[in-house]
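Undergrad: Mind looking over this structure? Questions follow.
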């Protein structure tokens with residue numbers, strides 16, 4: 001694809017505008033970057049705009065045959081055959097239908113799909129105008145064995161090239177309760193956030209596989225189990241680095257750090273970020289009275305940090321809701337304490 005690369009946040013309003021204008025958006029990008037999640041977010045935004053429930057349907061293009069959409073039933077009285085819907089797609093909206101992995105479908109599968117998506121009908125059976133279709137697919141460069149689509153078809157779609165954005169994903173991950181070890185590691189080692197598939201490799205690091213790893217390692221501390229699950233989801237190449245990160249986090253005692261106001265020795269910036277992550281995670285567990293008693297040491301730790309890590313420390317104290325909105329209640333309380341005047345000055349660089 002040669003278009004402008006857009007992240008999740010940037011794409012949502014553009015896709016909403018496109019479907020409300022009666023056009024069909026096509027979202028292109030590598031596996032595992034959140035194309036399906038984008039469809040669900042578009043549905044949520046439409047519900048807010050329309051102030052009514054919006055249905056959501058997933059149509060997996062490579063798995064369906066032409067006869068899956070309609071069934072022919074003989075009508076003996078008229079000596080004809082009538083077509084009826086099979087019922088898994090909505091006749092009326094408002095509804096969003098996500099057509100996934102279109103380039104993986106065979107030509108004979110694409111033809112009926114395009115009649116549905118572009119003409120809003122299956123043979124003589126029509127869909128209402130408020131049934132909105134979104135197409136997703138991988139690109140040829142993604143090693144995903146895609147089938148090229150006809151040029152006239154491309155010209156009838158509105159194309160968006162989606163890219164994975166670490167900051168956007170991190171906000172989403174925090175708002176949805178992903179494992180702190182995973183979220184912290186990905187931010188400390190951004191080179192492992194989203195990798196392209198390699199020939200013969202079944203598991204590799206993508207936003208989706210990091211989400212899967214977070215799900216399967218919940219409450220898991222055993223190193224052997226962590227290694228097996230990490231290798232099975234994000235691949236063996238990154239697993240050893242991830243386990244080293246986890247081991248370093250396990251060896252940290254954030255309560256002791258807060259008690260003394262002294263940072264432990266660290267080898268590199270990734271380890272420093274681990275310390276910041278551990279300390280701020282512990283602060284978020286504390287009650288306001290405990291924070292007030294510890295504020296002198298919190299400020300001492302913060303003052304020790306280098307310039308960009310000062311901002312990182314404050315950013316780690318921000319919590320996120322499921323809809324991606326920032327919750328700065330804790331941060332506002334801390335910088336509002338008299339001892340934290342320096343933090344209060346720095347906060348303007350963070351939230352404007």
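Undergrad: Determine the calculated [θ] at 222 nm for the chain from helices alone, applying -39500 (n - 2.57) to every DSSP H run no shorter than 4 residues and normalising by the residue count; nearest 500 deg cm²/dmol.
TA: -15000 deg cm²/dmol
Undergrad: How many nm separate the modelled label positions at residue 82 and residue 10, each set 7 Å beyond the Cα in the direction of the Cβ?
TA: Result: 5.1 nm between the two label points.
Undergrad: Order of 258, 6 from fewest to most other C-beta atoms within 10 Å?
TA: 6, 258
Undergrad: Among 330, 213, 11, which one shows the biggest mean-square fluctuation in a GNM of the chain, springs joining Cα atoms closer than 10 Å?
TA: 330
Undergrad: Fewest first, what order do 304, 248, 84 take by the number of other Cβ atoms within 10 Å?
TA: Placing the least packed residue first, the sequence is 84, 304, 248.
Undergrad: At 0.36 nm per residue, minus the direct Cα-Cα distance, what do residue 47 and residue 319 gain on full extension? Give it in nm, one decimal, please.
TA: 95.4 nm
Undergrad: Quick check: Cα centre of the stretch 178-223 to Cα centre of the stretch 281-352, how many Å?
TA: About 27 Å separates the Cα centre of the stretch 178-223 from the one of the stretch 281-352.
Undergrad: Can you figure out the FRET efficiency of residue 265 with residue 166, using R₀ = 30 Å and their beta-carbon distance, to the nearest 0.05?
TA: Efficiency at R0 = 30 Å is approximately 0.60.
Undergrad: While we're here: Between 233, 206, 86, find the one with the highest GNM mean-square fluctuation for the chain; connect C-alpha pairs within less than 10 Å.
TA: For the chain, modelled as a Gaussian network with Cα springs under 10 Å, the answer is 86.
Undergrad: Can I ask one more? Using Cα-Cα distances under 8 Å and only pairs 6 or more residues apart, what relative contact order does the stretch 167-351 have, in percent?
TA: Across the stretch 167-351, relative contact order equals 20 percent.
Undergrad: Follow-up question, since we're still on this one. For P(r) over Cα pairs in 20 Å bins from 0, in percent, pick the label among (1) 29, 59, 12, 0; (2) 27, 56, 16, 1; (3) 25, 46, 24, 5, 0 that corresponds to the value derived from the coordinates.
TA: Only one option fits the structure, namely (3).
Undergrad: Sticking with this one: Run the numbers for residue 285 and residue 111: contour at 0.36 nm per residue of separation, minus the present Cα-Cα distance, in nm.
TA: Working it through step by step, the gained length comes to 57.1 nm.
Undergrad: Ranked highest first by the average count of other Cβ atoms within 10 Å around their residues, in what order do 158-164, 290-296, 219-225, 274-280 fall?
TA: 274-280, 158-164, 290-296, 219-225
Undergrad: Still on this model: Roughly what % antiparallel, to the nearest 5, for the DSSP beta bridges in the chain?
TA: Roughly 35 percent of the DSSP beta bridges within the chain come out antiparallel.
Undergrad: Report the relative contact order of the chain, percent, no decimals, based on alpha-carbon pairs under 8 angstrom and at least 6 residues apart.
TA: 16
Undergrad: Under the rule a/c < 1.5 gives rounded, and otherwise a/b versus b/c splits prolate from oblate, where does the stretch 5-163 land using the Cα gyration tensor?
TA: Judged from the Cα gyration tensor, the stretch 5-163 comes out oblate (a/c at least 1.5, b/c at or above a/b).
Undergrad: Taking the Cβ of each residue in 8, 189 as the centre, tally the other Cβ atoms inside 10 Å and list the residues starting with the fewest.
TA: Taking fewest neighbouring Cβ atoms as first place, the list is 189, 8.
No value in this document is a laboratory result; all are computed from the given coordinates. If you're wondering where the values come from, they're calculated on a predicted model, not measured in any experiment. Counting neighbours? That spans all protein chains shown, and the Cβs are built from the backbone with ideal geometry, glycine included.
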